[in-house]
Amino acid sequence: MRDRFYITTPIYYVNAEPHLGHAYSTVIADIENRFHRLLGDETFFLTGTDEHGDKILQTAKRQGIDPKTYVDRINSLFRDAWALLDIEPDRSIRTTDPDHIATVQRVLQEIYDKGDIVFKEYEGLYCFGCERFYTERELVDGKCPDHGIPPVRLKEKNYFFLMSRYQDWLVDHIKRHPSFITPEHYRNEVLSFLKEPLDDLCISRPSTRLTWGIPLPFDHRFVTYVWFDALINYLTGIGFPDGPNFSKFWPVAEHVIAKDILKPHCVYWPTMLRALGLEPYRHIHVHGYWQIQAQKMSKSLGNVIRPGDLVEAFGVDATRYCLVREMTFGLDARFSEESFRLRINADLANDLGNLVSRILTMVYKYLGGKVPVPGDLDGPERDLRKAVVRLVPHWREAMEAFEIHRALQGVWEVINMANKLIDASAPWVLARDPNKAGQLRDVLYSLLDALRIFSILIAPVMPTSARKMQEALGIDPEKGLNFEAARHWGLLVPGTKISKIPPMFPRVKV
Ligand code: ME8
């Protein structure tokens with residue numbers, strides 16, 4: 001049976017346009033999804049938009065339009081951005097989708113019937129920006145850590161999910177599954193948070209105050225509160241409870257988020273699933289923030305970079321590459337256009353782009369544009385072959401661990417070895433000496449086959465460039481772009497006609 005893989009991104013609020021931070025999570029998920037497709041797995045990739053709540057309603061009102069028109073408009077901006085970035089989700093879910101509304105109501109009813117949702121009066125500190133209550137100890141200098149403004153004291157009757165019933169179970173689950181939350185420092189953060197007793201989670205808003213939500217099935221005077229609505233999208237997206245995709249993909253669910261939503265995803269969500277009688281997701285992968293001058297890039301701070309602008313300036317593959325190469329997954333990274341430009345010139349134009357054109361040009365010049373018949377491949381090219389063969393399992397392991405930057409680093413080390421092999425073996429010298437014809441064929445065959453394998457290893461990150469490289473090598477990408485082909489050295493068929501291609505990554509101005 002084929003392995004399976006289910007990956008999700010957060011569903012993004014539609015109170016502003018997509019920016020680089022959203023693009024990062026979604027590109028990571030797309031890359032991992034493509035990686036698993038390359039392995040031959042059966043995959044499902046879900047992204048989407050979070051369209052209910054105070055914030056959205058307020059924004060729509062400010063613009064003088066009804067909320068549905070407003071959410072439609074922003075939702076299409078997200079879809080357009082993902083298309084520009086070559087992101088291929090299997091479903092873009094919206095919390096306003098009818099099947100999602102039905103799923104949320106079903107889940108609420110089940111948990112309510114079980115006695116894990118209760119009605120009570122509550123007074124607390126409410127941040128309208130986050131749409132949630134804060135405890136004193138969560139505030140920073142009395143202010144919301146995300147919005148930097150003091151929350152408002154609110155007293156009202158609401159429905160609460162008795163999350164604390166599942167606290168011991170959750171601590172135990174996290175301890176028994178070291179890779180449940182990765183990287184490790186976020187796992188530790190959640191465990192240390194769970195040392196304190198959990199408060200009950202407020203899940204409703206009175207419909208007198210908020211109409212743009214999902215009515216509670218057991219009390220229509222209330223609508224559900226944002227997290228209970230939003231998190232359940234991960235179930236709706238694959239057809240909970242009876243759809244065939246649900247039984248197929250829920251057991252292999254993996255989430256990608258940034259650290260801003262660690263608590264809802266690592267505390268609320270697993271306890272909700274437990275209350276529902278479902279297994280928790282398999283892994284959650286938590287990344288840091290893209291920052292601009294030491295501040296989080298965010299719509300509320302207004303310091304955002306639009307993904308479309310980067311694609312326009314650098315092209316889609318280079319943008320995807322820089323996004324994942326310039327940030328170590330799990331840590332914060334400062335965005336600078338300059339470092340993207342330097343990265344493009346160094347890694348893409350110089351290292352990879354030049355390698356491709358040098359090899360293709362030499363094969364044209366010295367071998368009539370055809371893949372040569374290799375000999376015993378026992379000259380200086382031997383080390384390159386060994387390095388490529390060693391690289392492939394390391395690359396796979398790093399990709400599986402969501403360490404895409406590390407996977408790419410490994411590929412680039414071997415790309416640089418290939419460049420050095422050209423300099424050291426000097427095919428232009430070999431070509432002048434008829435006695436060295438065998439050596440020339442061996443060096444160029446090895447370089448061509450290394451290119452073939454590189455094209456597979458870059459494919460999840462730079463799908464268009466990977467296809468171009470395969471086509472240049474005379475391979476049909478439909479047949480050649482798969483992990484099995486990367487695991488075997490020497491699959492290039494002698495005599496195959498190769499084609500020269502224009503520079504894959506033109507240099508950019510720094
Ligand atoms: O929180 N750096 O939506 P949201 C990196 N609707 N990633 C960033 C980022 C930055 N500066 N800014 C945003 C919500 N992100 C809820 C989620 S899920 C059931 C509901 C990315 O629009 C990152 O993935 O505020 C972060 O977790 C997400 O956008 C927050 O998106």
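Here the Karplus curve 6.51 cos²θ - 1.76 cosθ + 1.60, taken at θ = phi - 60°, turns the phi angles of the stretch 196-201 into couplings of 8, x, 7, 7, 6, 9 Hz, with x standing for Gly and Pro. Could you point to the residue in Val373, Leu352, Leu139 farthest towards the positive end of the chain's charge dipole, with +1 and -1 charges on the Cβ of Lys/Arg and Asp/Glu respectively? Value computed over the given set: Val373.
A DSSP coil position with no more than 15 other Cβ atoms inside 10 Å describes none of the chymotrypsin sites (Phe, Trp or Tyr not before Pro) in the stretch 1-57. Between the residues His394, Ile65, Val267, the greatest Cα displacement towards the positive end of the dipole of the chain, with unit charges on the Cβ of Lys, Arg, Asp and Glu, is found for His394.
For the chain, which DSSP H helices look membrane-span-like by this rule: Cα extent along the axis of 20 Å or more and mean Kyte-Doolittle of at least -1.0? Helices passing the filter in the chain: 20-39, 67-84, 98-113, 381-400, 404-425, 437-458. By the rule of a second cysteine Cβ within less than 4.7 angstrom, the chain holds isolated cysteines at Cys202, Cys266, Cys322. With R₀ fixed at 45 Å, the C-beta to C-beta distance from Ile501 to Asp332 puts the FRET efficiency at about 0.75. Extending each Cα 7 Å along its Cβ direction at Glu136 and Asp41, get the distance between those two points in nm, one decimal. My value for the distance between the label points is 4.6 nm. For the stretch 1-65, applying the loop criterion from DSSP together with a ceiling of 10 other beta carbons within 10 Å to the trypsin sites (Lys or Arg not before Pro) yields Arg2.
For the stretch 104-146, applying the loop criterion from DSSP together with a ceiling of 13 other beta carbons within 10 Å to the trypsin sites (Lys or Arg not before Pro) yields Lys114. Computed extension length for Glu123-Asp242: 38.9 nm, one decimal, from 0.36 nm per residue of separation with the Cα-Cα distance subtracted. Basic side chains Lys and Arg get +1 at the Cβ, acidic Asp and Glu get -1 at the Cβ, and with that the dipole of the stretch 134-188 about its Cα centre reaches some 180 debye. I'd like the carbon and sulfur percentage of the solvent accessible area for the stretch 1-103, probe radius 1.4 Å, heavy atoms only, ligands and nucleic acids excluded. Carbon-and-sulfur percentage of accessible area, whole number: 50. Excluding same-chain neighbours fewer than eight residues apart, the lysines reachable from Lys500 by a Cα-Cα span under 20 Å are Lys365, Lys370, Lys468.
The value of relative contact order for the stretch 346-486, using C-alpha pairs under 8 Å at least six residues apart, is 28 percent. Accessible surface of the stretch 233-303, 1.4 Å probe: 48 percent of it comes from carbon and sulfur atoms. Contact order for the chain, expressed relative to its length and based on alpha carbon pairs under 8 Å spaced 6+ residues apart, stands at 16 percent. Report summary: the helix-based calculation at 222 nm, which adds -39500 (n - 2.57) for every DSSP H run with n ≥ 4 and divides by the residues of the chain, gives -14000 deg cm²/dmol.
Checking the cross-link pairs Lys143/Lys195; Lys386/Lys479; Lys296/Lys479 against a 31 Å limit on the alpha carbon distance flags Lys296/Lys479 as lying beyond it.
Amide H contacts of Leu216: Phe222, Val223, Thr224, each under 5 Å away and 5 or more positions distant or on a separate chain (H built 1.01 Å from N in the peptide plane; Pro and chain starts excluded). A simple charge model with +1 on the Cβ of Lys and Arg, -1 on the Cβ of Asp and Glu and nothing else charged puts the dipole of the chain at about 1020 debye relative to its Cα centre.
How high is the relative contact order of the stretch 268-355, in percent, with contacts defined as C-alpha pairs under 8 Å that are six or more residues apart? Relative contact order for the stretch 268-355 comes out at 31 percent. Heavy atoms of the protein chains alone define the surface here; on that basis the chain has 41 Å² accessible area per residue at 1.4 Å probe size. The calculated FRET efficiency for the pair Glu184 and Arg221, based on their C-beta separation and a Förster distance of 30 Å, comes to about 0.10. Here the accessible area of the stretch 346-486 is 50 percent carbon and sulfur, with a 1.4 angstrom probe and all protein chains present. Remark: the stretch 505-510, residue by residue, has Karplus-estimated 3J(HN,Hα) of 10, x, 5, 10, 6, 9 Hz, where x stands for each Gly or Pro and the curve is 6.51 cos²θ - 1.76 cosθ + 1.60 at θ = phi - 60°. Inter-label distance, Gln58 to Asp423: 5.8 nm, where each label sits 7 Å from its Cα along the C-beta direction.
A simple packing score, the average count of other Cβ atoms within 10 Å per residue, orders the peptides 406-414, 46-54 as 46-54, 406-414, with the highest score first. In vacuum, with every alpha carbon of the chain counted as one equal point scatterer, what does the Debye formula give for log10 I(q)/I(0) at q = 0.06, 0.08, 0.11, 0.13 Å⁻¹? Two decimals, please. Summing over Cα pairs of the chain leads to -0.34, -0.57, -0.94, -1.21.
The values are calculated or read from the model by the stated rules, or taken from the named source; none is laboratory data. Because the structure is predicted, anything quoted here is derived from the model rather than measured. Note: ideal-geometry Cβ built from the backbone for every residue, glycine included; neighbour counts use all protein chains shown. Only protein heavy atoms, including side chains, enter the accessible area calculation; ligands, DNA and RNA are left aside. Shrake-Rupley method; radii C 1.70, N 1.55, O 1.52, S 1.80 Å.
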